[in-house]
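Values in this text are rule-based calculations from the coordinates and carry no lab data. The structure presented is a predicted model; accordingly, all values stated were derived computationally and were not measured. Note: ideal-geometry Cβ built from the backbone for every residue, glycine included; neighbour counts use all protein chains shown.
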Amino acid sequence: MKYKILFCAYSVLIFAAYIEPFDPSIFEPNERGKTPPLFFQATYLYSWLAPAIPAFVGGLVLLGLPSIPRLVARCIAVFSIVSGLFLTLFGMVLSLGSDTQILHGVTLTTAVAVSFLIWSGSGGQPQPSLVAKIGISIGTIAALWSLLTVPMILVQAHFIADGAPYCIAEHSKNAPIEAVRDLRGFSFYTTATGYKSTSKWYFHGLMIVDHPDAQRVYNWSPGRWRFDLVERPDAMLVSVRNVCVPS
């Protein structure tokens with residue numbers, strides 16, 4: 001029973017770290033009255049549902065699901081890996097991909113695949129392999145990183161602002177953050193092309209602070225896990241000061 005609870009806790013962790021709000025616009029007609037091709041709709045739906053797959057397996061486990069035969073588990077895991085990596089590469093076609101986007105896709109793919117491997121075995125009892133245990137560890141660490149990014153951002157923002165009005169915005173959408181979930185590590189980064197430095201996209205998220213002496217703009221770095229001062233924000237071709245209004 002303890003093993004089941006630990007697996008279910010893992011599946012909830014993956015769901016919390018990776019799930020994104022559902023975007024119904026992909027299933028609605030555009031201004032020309034046309035909807036996206038069925039392939040794109042199915043691709044989006046599969047990508048959106050992927051973080052819920054470990055939770056689905058965990059629910060079945062609590063309901064008494066016996067161990068999955070090893071051959072079946074391996075086949076499902078291989079399918080999960082191939083489809084997950086394909087979707088990751090497909091999502092990078094137009095944006096060229098950032099390090100965080102690659103990490104997002106690879107770790108989510110791993111988390112989904114090992115949720116079947118970890119529950120494989122014979123005689124009704126799970127006997128996970130070393131590969132499955134390593135995969136669970138990778139998924140857990142990545143999910144914790146994503147969730148812990150939220151308090152890291154909030155604490156740093158409070159410290160940097162030091163009482164001055166500030167706001168945090170997602171640069172790829174040019175819109176202020178509306179919910180705490182948008183500050184998770186696998187949400188608060190850009191997949192779009194745009195401003196770059198040494199061929200690396202760096203405006204993942206922006207913080208604007210109205211300091212007493214001047215307004216300053218800071219960029220969130222997922223790799224360094226910190227806000228860095230944008231030295232010359234007004235030198236950009238497109239203004240970065242209008243993404244949100246400090247308050």
Stokes-Einstein diffusion coefficient of segment 1-139, Kirkwood radius over Cα pairs, 25 °C, 0.890 mPa s, in µm²/s: 152 µm²/s
Mean residue ellipticity (222 nm) of the chain, computed from DSSP H runs ≥ 4 via -39,500 (n - 2.57), nearest 500: -15500 deg cm²/dmol
Peptides ranked, highest mean first, by Cβ atoms within 10 Å: ranges 203-209, 218-224: 203-209, 218-224
On Cα atoms only, tilt of 130-161 relative to the major axis of the chain in degrees: 20 degrees
The chain: most fluctuating residue of Ala161, Ala55, Ala111 per GNM, C-alpha cutoff 10 Å: Ala161
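What is the sum of charges around Ala16, taking Lys and Arg as +1, Asp and Glu as -1, for the other residues whose C-beta is under 14 Å from the C-beta of Ala16?
Net charge in that neighbourhood comes out at 0.
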Quotient of C-alpha Rg and 2.2 N^0.38 Å, computed over the chain: 1.16
For Arg226, residues with placed amide H under 5 Å, excluding near neighbours: Ser221
In sequence order, calculated HN-Hα J values of segment 45-58 (Karplus, 6.51, -1.76, 1.60; Hz; x Gly/Pro): 4, 5, 5, 5, 7, 3, x, 8, 5, x, 5, 5, 4, x
Degrees between helix 99-117 axis and first principal axis of the chain (Cα, 0 to 90, nearest 10): 20 degrees
Euclidean distance of C-alpha centroids, segment 69-91 and segment 221-247, integer Å: 38 Å
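Kirkwood hydrodynamic radius for segment 79-175: how many Å is it when counted over pairs of different Cα atoms? Walk me through the numbers before you get to the answer.
Working: mean 1/r = 0.0618 Å⁻¹.
For segment 79-175, inverting the mean 1/r across all distinct Cα pairs yields 16.2 Å.
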